[in-house]
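Worksheet: one structure, shown below.
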Amino acid sequence: MRRTIRAAIGAGVLAAALVMTGCSSSGSSSSNDGSLGTADKPVKLTFWGWAPNMDKVVDTWNSTHKNIQVTYVKTDAGDPAVTKLLTAIKAGSGAPDLMQAEYQKIPTLVSADAIIDIKKDVSDTTTSKFSDGVLSSVTLGSDALYGIPQDSGPMMFYYRADIFKKLGLSVPTTWAEYADAAKKVHEADPKNYLGTFSSADAGEFAGLTQQAGASWWGSDKDSWSVDIDSAATKKVASFWGGLVEDGVIDNQPQYTPEWNKGLAAGTQVGWVSAVWAPGVLAGNAPKTAGKWKMAPLPQWTAGEQATGNWGGSAVAVTSQSKNVKAAVQFNTWLNTSKTAVSQMVTDGGLYPADTVDSKEALATGNGFFKNQPDFYTQAAKIAETVKPFTYGPNVNVAYSAFNDQFGKAAQAKSQQAFLDAAAQMQKITVADLKNSGFTVK
Amino acid sequence: MTTTVDVDQTAPGRDPAAKPSAPAPRAARRRRFNFTPYAMLAPAAILFLVFMAAPIVYTLILSLQKTEVQGLGLGSGARKTVFAGLSNYAAAFSDPDFLASAGRVGLYGLILVPAMLVLALVFALLLDSKRTRLAGFSRVVIFLPYAVPAVISSLLWGFLYLPSVSPFVDLANALNLPSPDVLSQGTVIFAIANIALWGGVGFNMVVMYTALKAIPTDLYEAARLDGASEIRVALAIKIPIILPSLIMTAIFSLIATLQVFAEPTTLKPLTNSISSTYTPLMKVYRDAFIRNDVNSASATSIIIAVTIFALSFVFLRVVQRRAFQEENS
């Protein structure tokens with residue numbers, strides 16, 4: 001008996017240690033450009049992504065390009081996908097040829113040597129199809145090109161037109177009007193909120209500060225700067241902190257069963273979101289089709305036209321790809337051909353970064369917003385007002401600090417706690433950069 | 001485990017330590033080297049080396065290193081691994097988030113372990129009692145939650161905790177009772193402990209129940225002849241006899257407590273109250289997979305492993321003399 005217990009404890013301890021031991025070894029394989037393949041002996045590529053119905057777009061490619069056959073693997077969205085890729089890169093094998101990467105993750109991936117510069121294989125005609133703002137997210141302000149933009153996420157304001165009408169509210173054009181409307185919505189029915197401050201969505205908050213003029217990172221020749229706790233961020237944090245403190249907007253995270261129910265039941269009356277919101281609304285609250293409307297984000301100064309970005313991805317070639325040329329060819333087709341881009345709009349509901357080739361497909365509007373047939377015409381106008389923003393090499397650290405610090409602040413329901421949270425985020429992000437050996441100004 | 005391998009009785013060198021310098025056995029060994037024990041040991045030894053020893057050594061090595069970046073850290077070759085000494089350990093011990101998570105898990109253990117053992121023991125004794133009806137059915141029902149993976153049970157409970165999707169809140173509203181927010185800062189630890197309790201009681205109960213079934217019934221008859229009540233039998237005979245099982249379940253519960261990860265991680269997206277460093281293992285996960293810092297994750301892992309080992313060892317030391325008196329004498 002005694003020995004059994006000892007053995008069991010030993011095993012338990014060892015198992016604990018084992019579980020936590022990730023395998024890792026460095027060194028990426030030397031990439032070989034490779035040929036473009038033939039119909040008999042096609043080049044085989046793997047592509048990781050999570051955009052809706054991307055498999056159908058890939059099928060279209062495979063049926064028309066016998067020399068390059070692509071296997072699409074649907075991964076979890078966002079962070080888990082990056083984790084999976086970085087693990088494969090560290091392990092030295094197992095990474096795909098192509099990878100969907102959110103814009104804010106690109107510096108991290110480049111810094112981890114997970115994705116490569118494909119500038120020499122991409123023509124200027126291809127890059128000219130993107131707006132400067134979007135393109136800067138994949139060049140990181142250098143001469144390199146770390147991916148081809150796929151979709152973008154200009155932020156907008158969504159609201160329940162029917163409830164606004166019932167309460168006699170007009171659409172807020174400034175944040176002051178938003179605060180006012182939030183108060184009225186909550187006073188009319190204490191169960192209802194115009195929105196929630198979600199500590200789970202760092203990207204949303206980053207986009208809101210982007211609108212206010214913040215850019216959380218910056219770089220010059222060989223050093224980074226961090227400016228999270230800037231005047232613009234403080235302005236946004238104190239605005240939302242004030243609303244949460246007054247209790248006129250909710251303080252619970254988004255994307256929970258609770259929040260989904262709120263959308264469907266009409267207790268969440270508005271949503272500060274991005275161009276991809278119709279997909280989320282259609283999935284979580286299908287019965288509210290035709291009741292929502294979209295408007296530009298409220299502004300800090302009346303008459304201004306500015307917005308931020310929440311979400312959007314590029315497709316990058318990984319450092320383990322042995323067929324870079326073929327991968328770039330597929331990537332170029334996927335994101336800048338009329339066939340693929342149109343299919344992404346119709347099947348995937350994406351808002352392509354390539355606004356040239358997607359015009360026709362976007363002209364038909366969005367099915368969930370039948371009451372707003374010019375949905376994408378308006379969206380295109382809003383997309384032009386996205387302010388510049390630079391992401392740094394430790395977005396992951398800053399975002400996880402956001403989750404923790406603003407989680408605490410939202411729970412505390414105090415405006416001061418929101419300001420403290422922004423200061424803490426700055427501190428944690430700078431400390432991490434310094435600890436990793438980056439030069440920080 | 002290894003000493004029971006019984007080979008050829010006449011094989012020389014069975015006990016080389018006994019006569020280390022005797023020339024005769026050495027000559028014999030040269031003549032007839034016996035591979036059998038080594039061959040039989042090999043599978044276990046190799047598995048141990050590859051899947052236990054090597055990863056532990058590797059974790060130790062990683063924990064003494066750190067990654068350094070040149071310039072902007074973009075492009076290949078901008079990162080290199082350097083020796084970091086004990087700085088990862090120092091950083092972990094001076095990290096207020098880590099210390100807070102350790103304290104939180106301590107509190108969690110104080111809530112969970114006693115509750116788990118008491119409940120399991122009460123259920124086991126009730127099931128063992130002659131008067132209990134539907135014992136087989138009840139046993140299965142109490143055990144069943146153990147078969148539900150922690151992630152699934154956390155999701156299930158998560159739905160029950162969220163006010164607008166929870167039937168409990170509906171019920172409370174219908175009865176005009178206040179419905180507390182169980183996921184708030186102060187109560188979330190109980191919410192997590194409740195999930196672990198729901199999943200763990202059944203297993204511990206079965207361990208104890210099995211031990212109870214092994215007690216010879218003549219002890220009960222003797223006690224009854226002396227006029228002992230059911231409760232007296234439980235306290236004076238059953239519990240002392242199954243004490244080794246109680247200690248074993250206590251240690252298992254203790255280890256499971258210190259490793260708590262799945263429940264808070266699953267509940268995290270549902271609430272503001274759970275941070276990414278809520279428990280020590282969550283900090284390890286965050287460092288390794290969100291911050292991509294395997295080195296500090298390795299250092300924290302080692303600290304956790306050593307702590308679990310030390311606590312289990314101390315616990316055993318304290319209780320073993322009493323519990324295992326009979327077996328050792």
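Over 26 Å between Cα atoms, which of A:K120/A:K221; A:K129/B:K80; A:K129/A:K434; A:K183/A:K427 qualify?
Too far apart for the 26 Å limit: A:K129/B:K80; A:K129/A:K434; A:K183/A:K427.
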Set the Förster distance to 45 Å, then compute FRET efficiency between A:S63 and B:F93 from the Cβ-Cβ distance, nearest 0.05. 0.15
Test of understanding: what is the full-extension gain from B:S179 to B:Q70, defined as 0.36 nm times their sequence separation minus their Cα-Cα distance? 33.8 nm
Ranked by Cβ crowding within 10 angstrom, fewest neighbours first, how are A:E177, A:E384 ordered? A:E384, A:E177
Cα centroid of the range A:51-108 to Cα centroid of the range B:239-257, whole Å: 48 Å
Just want to confirm a number: the relative contact order over chain B, from Cα pairs under 8 angstrom separated by 6+ residues, in percent. 23 percent
Helix-only estimate, please: 222 nm mean residue ellipticity of chain B, summing -39500 (n - 2.57) across DSSP H runs of length 4 or more and dividing by its residues, to the nearest 500. -19500 deg cm²/dmol
Is any helix in chain B, taking whole DSSP H runs, at least 18 angstrom long along its axis by alpha carbon and on average at least -0.5 on the Kyte-Doolittle scale, and which ones? B:36-48, B:96-128, B:188-213, B:243-258, B:294-323
Filtered hits (aspartates and glutamates, Cα-Cα < 19 Å from B:K66, offset >= 8 within chain) -> A:D113, A:D432, B:D95, B:D287, B:D293
Estimated distance in nm for a label pair at A:L167 and B:V306, the labels positioned 7 Å out from Cα along Cα-to-Cβ: 5.7 nm
Based on other C-beta atoms within 10 Å, arrange B:L125, B:L254 from fewest to most. B:L254, B:L125
State, as an integer percentage, the relative contact order of chain A based on alpha-carbon contacts under 8 Å between residues 6 or more apart. 25 percent
Cα centroid separation - the range A:305-346 against the range A:226-263, whole Å: 32 Å
Just how far, in whole angstrom, is the range B:291-313 from the range A:144-202 if you go by their alpha carbon centroids? 44 Å
Identify all lysines with a Cα-Cα distance to A:K74 below 20 Å; exclude those on the same chain that are fewer than 8 residues away in sequence. A:K44, A:K56, A:K84, A:K105
Per the 1/(1 + (r/R0)^6) rule, R0 = 56 Å and r from the Cβ atoms of B:W198 and A:D222, FRET efficiency to 0.05 is 0.55
Please identify the DSSP H helices in chain A that span no less than 15 Å along the helix axis (Cα) and have a mean Kyte-Doolittle hydropathy of 0.0 or more. A:2-19, A:79-91, A:231-246, A:324-336
Cα gyration tensor category, rounded, prolate or oblate, for chain B with a/c compared to 1.5: oblate
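What is the Å³ per residue value for the convex hull set by the Cα atoms of the range B:256-306?
66 Å³
Pairs of Cα atoms under 8 Å, at least six residues apart: use those to get the relative contact order of the range B:35-85, whole percent.
Reported as a whole number, the value is 27 percent.
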Is the C-alpha gyration tensor of the protein assembly as shown telling us rounded, prolate or oblate? Criteria: a/c under 1.5 is rounded; beyond that, a/b larger than b/c is prolate, otherwise oblate. oblate
Can you list the lysines whose alpha carbon is less than 18 Å from that of A:K293, not counting same-chain residues fewer than 8 positions off? A:K165, A:K166, A:K370, A:K381
How large is Rg over Rh for chain A, taking Rg from the Cα atoms and Rh as the Kirkwood inverse mean of 1/r across Cα pairs? 1.00
Suppose the chain between A:T301 and A:A264 were pulled fully straight at 0.36 nm per residue; how much longer would it get relative to their current alpha carbon spacing? 10.1 nm
Based on the Cβ-Cβ distance of A:W50 and B:Y38, what FRET efficiency does E = 1/(1 + (r/R0)^6) give at R0 = 56 Å, to the nearest 0.05? 0.65
Within chain A, helix-based [θ] at 222 nm, where runs of 4 or more DSSP H residues each add -39,500 (n - 2.57), nearest 500: -13500 deg cm²/dmol
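Read-outs throughout are calculated quantities, based only on the coordinates presented, and are distinct from any laboratory measurement. Here the structure is a predicted model, which means the values were calculated and not measured. Ideal geometry is used to build each Cβ from the backbone, glycine not excepted, and the neighbour counts take in all protein chains shown.
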